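What follows is a set of notes on a single structure, which appears directly below.
Just so it is clear, none of the values below were taken in a lab; they were calculated from the coordinates. Treat the numbers as computed from the prediction; the structure is a model and nothing was measured. Note: ideal-geometry Cβ built from the backbone for every residue, glycine included; neighbour counts use all protein chains shown.
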């Protein structure tokens, strides 16, 4: 409605004064009208005329020539307050939703958890936001492919394996049977913390972890599923994916495809190697991209051991997604801690495969904390788990007299989605499950009530007069 009225006023102004000017509509207090504009004040300067006279000329023409305008009154130094007819506002409610993405293919990548580590609150947040964004894109006409990405190879896996071997007392895959199903994710997370601390403080352990990292790549390149160490790796990898599936089922999220780093790493390695000397360069035995000339920093894409880094794996991922979907638009949602990292990766891709990044949007978010705050670090082990947030909501919901998982999950989703994407998110469990105020349960109740009213009034006649609250709502559409 606002865009349509803006275009009509622009057209009217062009006819009246033979000038093109931008028109801005704002919503005044309801007592003054549905929309207000300062276009006369801007025009008066161009035309060297009295602003109120210009405003009155526009106001008179609006009522006479623009359909749907019930009244237009001049206020103050030259503002125009518009009130629309009830009829045109009611028509708005019957107009089909715009579908600006009709015929477009969009790939949305979000969640992106790493196997061998526990899901933290950030994964919950990006899963919820990514799912909502995908839903909106589908509503706007796009064919949306929801994909996921994570590191089943890499240094973090080597660290976890090192911790597992210490816990098992050696390479004993049979001892994994002693870990109960419900403890597997937290058990692996604890092993990761052990391995990380050893890597940072013990040179001998660091060398062993580096070797384990190489072993993992070899399990994939040689298809080794039989050696004792490989059995530990593949078993724990399977545990991770089962844990992910259970989590996504709980929050109602589904993915079309999961790209493991073991799949994107070979493609990324090959691609980077093919562009050494043109895009990438050798440096102290490694392969790097020098972002200096683009105002970015330099990052390693292949380390001195010849292994692809996260950067090369992301190169492989971008190429793989393009090959799979030839998308019109791509959206990636991650934490804001990798903003500069992604700029370097995408700038390097832009040099030889611009189609993979030119229509890609990288959206980021801050940390998720429970009220009271806890700094999140899976490396140190003092992070907020995804399940902690869900359980906090369910506990608060139960205390408020509702034991429904659907209600508490809706509370979490709305508490996240009502906030602007980009900053930190502080989650307040009690506030989120309240049946009053700006909360998920309140909206669920209001939605159920509205559906009931609409069902009962399915055959009701179209109203002839709108209430102030109804007018205010319709002008927002």
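What relative contact order, as a whole-number percentage, does the range 138-295 give when Cα pairs under 8 Å and 6 or more residues apart are counted? Across the range 138-295, relative contact order equals 32 percent. Angle of helix 155-168 to the longest C-alpha principal axis of the chain, folded into 0 to 90 degrees and rounded to 10: 50°. The stretch between residue 63 and residue 395 holds 113.8 nm of extra length on full extension. This uses 0.36 nm per residue minus the Cα-Cα distance. Rounded to the nearest 10 degrees, the inclination of helix 228-251 to the longest alpha-carbon principal axis of the chain is 20 degrees. The peptide list 314-326, 117-129, put in order of mean Cβ contacts within 10 Å with the highest first, becomes 117-129, 314-326. Once C-alpha pairs closer than 8 Å and six or more residues apart are averaged by separation and normalised to the residue number of the chain, the relative contact order reads 14 percent. Of all DSSP-defined beta bridges confined to the range 105-367, some 25% are antiparallel rather than parallel. Length available on full extension from residue 290 to residue 87: 0.36 nm per residue minus the Cα-Cα distance, which gives 66.9 nm. Normalising the average separation of contacting C-alpha pairs (under 8 angstrom, six or more residues apart) by the number of residues puts the relative contact order of the range 370-446 at 29 percent. If a/c stays under 1.5 just call it rounded; otherwise compare a/b with b/c (prolate if a/b is bigger, oblate if not). Do that for the chain, with a ≥ b ≥ c from the square roots of the Cα gyration tensor eigenvalues. Prolate is the answer for the chain, as a/c is 1.5 or above and a/b outweighs b/c. At a Förster radius of 22 Å, what calculated FRET efficiency corresponds to the Cβ-Cβ distance of residue 203 and residue 283, to the nearest 0.05? The calculated FRET efficiency here is 0.40.
Take every DSSP beta bridge whose two residues both sit in the range 45-191; close to 55 percent of them are antiparallel.
The Cα atoms of the range 105-367 give a gyration tensor whose axes a ≥ b ≥ c have a/c of 1.5 or more with a/b no greater than b/c, which makes the shape oblate.
Within the chain, DSSP assigns beta bridges of which about 45% are antiparallel (rounded to the nearest 5).
Computed from Cα positions, the angle between helix 339-350 and the longest principal axis of the chain comes to roughly 90 degrees.
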